[in-house]
1. Report, please, the projected area of the stretch 26-223 averaged over directions, based on the convex hull of its C-alpha atoms, in nm².
2. Can you check what the net charge comes to around residue 201, using other residues whose Cβ is under 12 Å from the Cβ of residue 201 (Lys, Arg +1; Asp, Glu -1)?
3. For residue 128 and residue 24, compute 0.36 nm times the residue count separating them, minus their Cα-Cα distance, and round to one decimal in nm.
4. Compute the length gained on full extension between residue 148 and residue 52: take 0.36 nm times their separation in residues and subtract their Cα-Cα distance, giving the result in nm to one decimal.
5. Suppose R0 equals 30 Å; then what is the FRET efficiency for residue 164 and residue 212 from their Cβ-Cβ distance, rounded to the nearest 0.05?
6. Please rank 26, 48, fewest neighbouring Cβ atoms within 10 Å first, as an exposure proxy.
7. For each of 159, 25, 133, count neighbouring Cβ atoms within 10 Å of the residue's Cβ, then give the residues from fewest to most.
8. Considering the options 212, 156, 105, tell which one lies farthest towards the positive end of the dipole of the stretch 26-223, charges being +1 on Lys and Arg and -1 on Asp and Glu at the Cβ, about the Cα centre.
Amino acid sequence: MLELTLVVLAAAAQAPCALAPLQAEIPLPAVGLVWQTDEEDTGTCPAIATADWVRRPIPDGGDLLVNATGPEGFGRYWRVTVAIDGSTKRGICLGTTTLGWRTLQAGPEARPSEFVPTPLPWTDDGDADGWPELVLWSSFRPGGESSVMGVGLNAWVYELRAEWRLSLDLELSRAWARRLAAAHRVSATNTPKGFQADRALVAQALEDFANSTCRPVLPDPSAEPKATVP
């Protein structure tokens, strides 16, 4: 009991991570495909052609469906639609940004990065259990009001752990953070000196999360967004 208490106290004493997920769980609606309540849009998600879904089989039959429409504008904005196609199709759509992807573009003299130029994947099987996870990309700014070069790219991984609910997996998210930290380190080395500090700060924030040397700040489940009523 004393050992457990010390572990809890040590975790509480850690500084909060510079990157944080928007939600710890993604609940799916009882019926249909609808926007989450914290989005500007409401009601039913835009229609998606059958051929435009990424489809991955899930346990107990059915499929995980993911469609990422974007990026749009300088902020690299996306509309991501996630659904479970079983006895019925149920899902949500939400917005995100991969603005941090721009910090990985270090010019023609940079060493190749696994995140350049290939498209970002929105599904994965990081634990090699044969079943898919949702990879939800987003951006963060560890240095406050810095230039776009101080915006980092990170990935949050969600697994289908209960019926009609996707739950955040911190360990799988840390694995992505470790890969992204290495990519941002390359970017920091190959960029003009005026931006190296910003990019190095992004890499350090990802490394801190990946190595559990900071405390991830998880949202209050009671305050998390839910699917709107169509």
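1. Values: hull surface 48.6 nm².
Directional mean of the projected Cα hull area for the stretch 26-223 stands at 12.2 nm².
2. Numbers: positive: 141, 185, 199; negative: 198, 207, 208.
Once all neighbours under 12 Å are counted, the net charge is 0.
3. Numbers: separation 104, 0.36 × 104 = 37.44 nm, distance 2.18 nm.
Result: 35.3 nm gained on full extension.
4. Values: separation 96, 0.36 × 96 = 34.56 nm, distance 3.08 nm.
Working it through step by step, the gained length comes to 31.5 nm.
5. Values: r = 30 Å, r/R0 = 1.00.
After rounding to 0.05, the efficiency reads 0.50.
6. Numbers: 26 25, 48 17.
Going from least to most buried by this count: 48, 26.
7. Numbers: 159 20, 25 17, 133 23.
Listing 159, 25, 133 from fewest to most nearby Cβ atoms yields 25, 159, 133.
8. 105
Read-outs: derived from the displayed coordinates by stated rules, not from any lab. None of these values were measured; they are calculated from a predicted model. All Cβ positions, glycine included, derive from the backbone under ideal geometry; neighbour counts span all protein chains shown.
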